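None of the figures in this text is laboratory data; all of them are computed from the coordinates on show. Note that the coordinates shown come from a computational prediction; the quantities given were computed from them, not determined experimentally. With ideal geometry, Cβ positions are generated from the backbone for all residues, glycine too; neighbour counts draw on all protein chains shown.
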Amino acid sequence: RLAERGVEVRVVNARFAKPLDCELIVASAAGRPVVMTAEDHTHVGGFGEAVLACLAAAGALPARFVQAALPDAFLEHGTRDEILESVGLHPEGLVERFLAAATGSGANLDDGADVGRIHTSTESGVR
C-alpha cells in the first residue's frame, strides 16, 4: 500500500523477538529517516522498545521512531481483526501512521490511547 503511494520502505520480518539481532537492526535502520515497528501485543516491554534500545545503544537513532502496538489497557472483546482495527494496527492504520511520521504530521497519533507512540531523536537522546 505504501508502494502505491510512491513510498519505498524496507521490511524486516522479525519472527522472534529474542534473541534480538541488533547488528541487522542497526544496518537496516542506517540512513532511514523513519523506523517503525509493528507488533500485536502491548508496547510495554515489547519488540518496539527492544529495537529502540538497540538503536540507542548503537548511537543509531533515526530522526523518527514509530512504535505501533496494542495499548497497555483493557480492550473490548472481539476477533483479532476487530481488535487490531480498533487500535489502528490494521494495514490502513499502519500505512497512515507511517505516512504521518514520514511527513512530520503525526506528533501524537494515539488520540488519547497508549498506542502509536512516535519518538523523535534529539542530540540529547529520545523524547
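Taken along the Cα-to-beta-carbon direction at a fixed 7 Å, the label points for Glu4 and His90 span 1.4 nm.
Ranked by the mean number of other Cβ atoms within 10 Å of their residues, highest first, the peptides 57-70, 30-43 fall in the order 57-70, 30-43. Working ranking of peptides 11-20, 84-93 by packing, defined as the average number of other Cβ atoms within 10 Å per residue, highest first, is 84-93, 11-20.
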